[in-house]
Amino acid sequence: EPEVTQTPSHQVTQMGQEVILRCVPISNHLYFYWYRQILGQKVEFLVSFYNNEISEKSEIFDDQFSVERPDGSNFTLKIRSTKLEDSAMYFCASSRNTGELFFGEGSRLTVL
Amino acid sequence: SQQGEEDPQALSIQEGENATMNCSYKTSINNLQWYRQNSGRGLVHLILIRSNEREKHSGRLRVTLDTSKKSSSLLITASRAADTASYFCATDAISGAQKLVFGQGTRLTINP
């Protein structure tokens, strides 16, 4: 069964460093998303991406964040100059339409 | 802002009993979805109910939607230890914004 894959599963970085989280969405899906979940808290929407551009973004998704679909398969989230409060699980998701989302297993980011 | 809020925040029952979780939201929606998350894992889609539907079943799951009260319930019948997880409702705005907004979740524990 097709699935969304994310790498790395865990990344530890120093405050101020740049981080790139990678995702391979399901191949025939058209919509791509990043969510984050701070430990013990709810899942928060960051950004949605369709037709090679951002279609919606939250207040969290400020200039520190960017997304890219550099080729036909990868979807990346870049966090510039990481802060302690960026520590969280970052989930990528994809969907065929605006219904059910398929999530990856997440990338745990720890900022020291 | 549109936001799903589940109650209770935590629920502990004996195996074989039924578990009911509730969700409320604030704005008009296209659909409401329920997801499950095992600790430290990605979210798994359970069921989607459209705004013009009132009840939907899938195996041991039963979801209801009351758009006049802006609320939904998820019933898991004949619970099993493997049902232990967090359960989230998620809504998408009728404006067509391509994002799901998740609630705080209900932590369900099934005691053997």
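To keep it simple, each residue is scored yes or no on (1) free of Cβ contacts under 8 Å to residues at least 24 places away in the same chain; (2) over 30 Å from B:SER51 (Cα atoms); (3) within 14 Å of chain B (Cβ to nearest Cβ).
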site	(1), (2), (3)
A:ASP63	yes, yes, no
A:ASP71	yes, yes, no
A:SER81	no, yes, no
A:LEU84	no, yes, no
A:LEU101	no, no, yes
A:GLY104	no, no, yes
Pairs returned, first residue in region B:99-112 that is touching a residue at least 60 places away in the same chain (Cβ under 8 Å), second residue that is small (Gly, Ala, Ser) and not in a strand (DSSP E or B), beta-carbon separation under 7 angstrom, 6 or more apart or interchain, are B:VAL101/B:GLY4; B:PHE102/B:GLY4; B:GLY103/B:GLY4; B:ILE110/B:SER79; B:ILE110/B:ALA81; B:PRO112/B:ALA81
Wholly inside region A:1-102, strands (runs of 3 or more DSSP E) that include 2 or more residues that are open to solvent by less than 70 Å² (accessible area, probe 1.4 Å) and in contact with a Phe, Trp or Tyr (Cβ under 9 Å, 6 or more places away or on another chain) are A:19-24, A:31-37, A:43-50, A:53-57, A:65-68, A:75-79, A:88-95
When region A:29-48 is checked residue by residue, the ones that are closer than 17 Å to A:GLU100 by Cβ and within 9 Å of chain B (Cβ to nearest Cβ) are A:TYR31, A:TYR33, A:TYR35, A:VAL43, A:PHE45, A:SER48
Quick count over region B:47-99, residues being closer than 30 Å to A:ILE54 by Cβ, within 14 Å of the chain's Cα centre (by Cα) and within 14 Å of chain A (Cβ to nearest Cβ), is 11
When every residue in region B:14-35 that is within 12 Å of chain A (Cβ to nearest Cβ) and more than 13 Å from B:GLY103 (Cβ to Cβ) is compared, the one modelled with the lowest pLDDT is B:ASN30
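The values are calculated or read from the model by the stated rules, or taken from the named source; none is laboratory data. For clarity, every value in this text was computed on a predicted model and none was experimentally measured. Glycine also receives a Cβ, built like all others from the backbone with ideal geometry; neighbour counts cover every protein chain displayed. Note: areas computed on protein heavy atoms with side chains; ligands, DNA, RNA excluded. Shrake-Rupley method; radii C 1.70, N 1.55, O 1.52, S 1.80 Å.
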